[in-house]
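Structure record follows, encoded as structure tokens.
What follows draws every value from the coordinates through simple rules; no lab data is involved. Since the model is a prediction, treat every value here as computed from it, not as a measurement. When we count neighbours, we look across all protein chains shown, and the Cβ atoms used for this are built from the backbone with ideal geometry, even at glycine.
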Amino acid sequence: MKRYESLYKLHRLLTLPHQRPLSLERLAEELECSQRTVKRCIADLRDRFGHPIVFVREYGGYQYEHSGAELPGLWFNESELTALLTMRQLLASVQPGLLESGLLPIGNRIETLLKQTGCPPTEIARRIRVLAMGRRNFDDKVFRACADAVLTRRKLTFIYEARGRRDEEESRTVSPQRLSHYRDNWYLDAWCHKRDGLRTFALDQIRDPTLSDETAKDIEETLLDDILASSYGIFAGAPTATAVLRFTSERARWVAKERWHPDQSGRFIDDGSWELSVPYSRPDELIMDILRYGPDVEVVEPEHLRELVRDRLHAAAGRYDTTRRQA
């Protein structure tokens, strides 16, 4: 019997009117399972869903401590449901290829798991959405070349246009280390032989990738994490500064729940505002996140970051200068 069906049936048995406590043997017989499975079901209802199931020694059986316990309509937690819906969405977007027949059983398995919510998968997809925002398109050949280079441990050469430096293209030869999926976009973590250091490349900025027969240089994973994973966002480099941001009391309670960086810290100020401290290396992405909050955030320090944000805000305000438009 499926897990959720067993839990529902156990719940119904324990809520029967004028029911004496039920023994483990009786419950196993009713649920058509082993006594060990019954114990797991009891533990699930009691520990995961907070149902007051007690063992009554006088009768040698189980019952609810008090009536009125209700089962939730959804068994999955947030991370489980997100994973299933994301996988379902990704599989739906896969174009026919060599793995089409192999991926079909995975899709069927996901549909089966989603049915265990008690709702049809199509209804779940209509009522619960996983939205991909800000995804940038790129040639599928780029992804294949990068993934191939990462997995076969070969060097890769390509033309790269760094974001923010228009019309500046460079040929790069790199030793790919890993692919990273961040904020709905793909990035290549690699050792750049031209820069003689670790760099992160956005796949949508790569073109004309060519695989080499040369073996890629391997970088220890601990070093990759120290230099890349510890930086703010996707930009490479160990943190060199800490941004102190102060959010208005109107935004404080919301921002206090956000996770900007694994090593962030925050505190409420007496006036109700929220002060967030975020370590970072390059300010590019941090500035974009700060600007999302407009007048509801102030950069307290460092002064350099404060100036950069102020200049961006002045430039933005200038675009709405009515006197300039009239001229």
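Structural remarks
- Positive dipole terminus of the chain, leading residue within 304, 233, 223 (C-beta point charges): 233
- Between the helical axis of 140-152 and the longest alpha-carbon principal axis of the chain there is an angle of about 80 degrees.
- Arranged from fewest to most other beta-carbon atoms within 10 Å of their beta carbon, 288, 133, 87 become 133, 288, 87.
- If R0 equals 45 Å, the separation of the Cβ atoms of residue 210 and residue 13 corresponds to a calculated FRET efficiency of about 0.10.
- Loop-resident sites, the stretch 129-214, for GluC sites (Glu not before Pro), counting at most 13 other Cβ within 10 Å (DSSP): 168
- Cα centroid separation, the stretch 137-153 to the stretch 195-211 (Å): 10
- Rounded tilt (10° steps) of 78-93 against the dominant C-alpha axis of the chain: 60
- Alpha-carbon centroids, the stretch 282-302 and the stretch 9-44: separation in whole Å: 56
- The ranking of 274, 254 by Cβ neighbour count inside 10 Å, starting from the fewest, reads 254, 274.
- Theoretical FRET efficiency, 1/(1+(r/R0)^6), r = Cβ-Cβ of residue 218 and residue 159, R0 30 Å, to 0.05: 0.75
- Nearest 10 degrees, 0 to 90: helix 100-115 Cα axis against the chain principal axis: 50
- Gained length - residue 194 relative to residue 106, 0.36 nm times residue gap less alpha-carbon distance: 27.5 nm
- Likely footprinting exposure, 119, 146, fewest C-beta neighbours within 10 Å first: 119, 146
- Helical runs assigned H by DSSP (4 residues or longer) give the chain a calculated mean residue ellipticity at 222 nm of -11000 deg cm²/dmol, each run adding -39500 (n - 2.57) before division by the residue total.
- Rounded to the nearest 0.05, the FRET efficiency derived from the C-beta distance between residue 293 and residue 225 at R0 = 22 Å is 0.15.
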